[in-house]
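Step one of this worksheet: look at the structure below.
Just so you know, all these numbers are worked out from the coordinates, no wet-lab data involved. As the structure is a prediction and not an experimental result, all values here were calculated from the model. Don't worry about glycine lacking a Cβ; one is built from the backbone with ideal geometry, like all the others, and counts go over all protein chains shown.
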Amino acid sequence: MFGRKSASKSDKKPQSEQKPSGLDHLTSFLKRDSVPEPIDEIPEIISENEILPDLPKSSNSKSVKLIQEVQKLDDKTIRPFLDYNEGMLFYPILSKVGEPQDNFAYLEGLVADGILEKKIYEKLIVCPIHPKTFSSSMRLYCPKCNSMNVEKLNLFEHKKCGYITESKNFEFSDEVKSQCPSCKKEIKNFEKEIRVPAMWYQCEDCHEKFDNATIKLHCRKHEHDFDTNSGQFITTYSYKLKNSEISINSDTAQIKEELVNLLNGFNFDAEVNCSVKGKTGNMHEIPIYAKSKTSDISILIFIKNQIGGIDESVMNSILVPKLDIEPKNTLLVTISDVNESIENLAHHYGIILISNPDFSKIISKVEEFVSDWYTRDGGSK
Ligand SMILES: [Zn+2]
Ligand SMILES: [Zn+2]
Ligand SMILES: [Zn+2]
C-alpha cells in the first residue's frame, strides 16, 4: 500500500521538460538549402510553414509518442490509476507526452480520431455528497452496538476425518506446519483438504455473533459513512489501442503529409492513398504516389510500421505493385526494425529502404534521396 502510494506521487508530476518533437520536422523543412532550381512551390511551402503555427504537427507527434508508449503496455491498454487517499483518478501515461495526467479530454480526442477504443474499466460507488472524490471504501459494523471491532469466524472441516471446529483451532502459517487438531494429520493443501462449511461474524466488543455485518461505505477524503444504496455510480474507462493497423495509419498520417509536401516541392504531383493502375490493368492502393510535372517518371512510397519489425511478407506486398506499375523509384519508409536479410531483400528488389525510429530523420533522409536524385536526373529532364 505504501509502495503504491509513493510510486503514484512520483508518477503524478507532469514531465514538463519533454520537448515536442514537431519542431524538428519544421526545421527540416526550413533548412532546405539544397533546393534545386527552378521550383515555384518552395517559397509557397516555406511561407505556409511560417504562417501556420506548429500546433497540428506537434499535437500529431504527441499522439504518435503516446501510441508508441501504449504499445509497450500490457494488452496495449491505458488503465486509470486511482489514488484512494486523494480520491483522484488519473492516467499516468499522459505525463509521458507532456499532458496533465487528468486530461481525459485528450484521450477522448484520440477515441474520436479512431486511435483508441474506450472500454468500461470499472464502476465505482462514490459518495453522494462528494461525487467528485473517488475514494470510498467498505466498512463493516456490528449490527447491535455499531462497533467496527468485528471479526470474521469460520468453521473448518478436515475432509479426511470429518472433524469440524472453529478456524482459530487450526494453525495456518508459513512457519508452522498445520495439522488437524483431531486426527493430527498434517494438512499440506488447504484448498483440497479443508472445507469451509460455515462463516459468520462476531463483535469483539459486545460478543454478539451474526451472519451479516452492517456494511457502510466510507468517504475517505471527507471522513464520513454513507449508505451503500445512496452511493452514486461513476464509470471509469480504460483506453485500448484499436489495432496495429489503425495505429499504423495514425502514425503515418503525419509522415504522409510531410512527404507529399516534400515531393511537391521537388516539382512532383504527389497524392496520398492513391489507386494506381498497373501494366496488367490491375489497380493498386499506393500510400504515396508522385508523378513528375516535367517528365513521365514516377515514385511510389510505401509506409509500413510493424511492431515485430519489417518482414518478408511486407516486402512481397510492395513488390507486387512495384513490378506492375514500374515506377522510376520505390521507397519503403518505416520506423520499425529492419534486419539485414530484409535490407538485402530490399536491395535485391530495387526498393529503397529508409528505416529510422525518428520520423523527422525519415523525412530528412527521403529529402536527401529525392534531392540527390532530382539534381542527378530528375531536374534535367
Ligand atoms: Zn463524502
Ligand atoms: Zn457489537
Ligand atoms: Zn483430521
Cα-only Rg/Rh for the range 143-212 with Kirkwood Rh rounds to 1.06
Taking the Cβ of Leu217 as the centre, find all other residues whose Cβ is under 9 Å away and add up their charges (Lys, Arg: +1; Asp, Glu: -1). 0
What's the local net charge at Pro287, with K and R +1, D and E -1, over the other residues with C-beta under 11 Å away? 0
Take the cross-link list Lys72/Lys304; Lys242/Lys291; Lys65/Lys118; Lys168/Lys192; Lys76/Lys221 and give me the ones stretching past 22 Å between alpha-carbons. Lys242/Lys291; Lys76/Lys221
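Quick check: net charge around Ala105, other residues with Cβ under 13 Å of its Cβ, Lys/Arg +1 and Asp/Glu -1?
Charge balance in the 13 Å sphere: -3.
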Normalised by the number of residues in the range 261-369, what is the relative contact order in percent for Cα pairs under 8 Å and 6+ residues apart? 20
Rounded to whole Hz and in sequence order, give me ³J(HN,Hα) for the range 87-94 from the Karplus expression 6.51 cos²θ - 1.76 cosθ + 1.60, θ = phi - 60°, writing x for Gly and Pro. x, 10, 10, 8, 10, x, 4, 4
Linear extension gain, Cys206 paired with Glu166, 0.36 nm per residue minus alpha-carbon span: 12.5 nm
In whole Hz and in residue order, list the ³J(HN,Hα) couplings for the range 114-124 that follow from phi through the Karplus curve 6.51 cos²θ - 1.76 cosθ + 1.60, θ = phi - 60°; x for Gly and Pro. x, 8, 10, 10, 8, 10, 5, 8, 7, 9, 9
Could you tell me which trypsin sites (Lys or Arg not before Pro) in the range 194-294 are loop residues by DSSP with no more than 11 other beta carbons within 10 angstrom of their beta carbon? Lys279
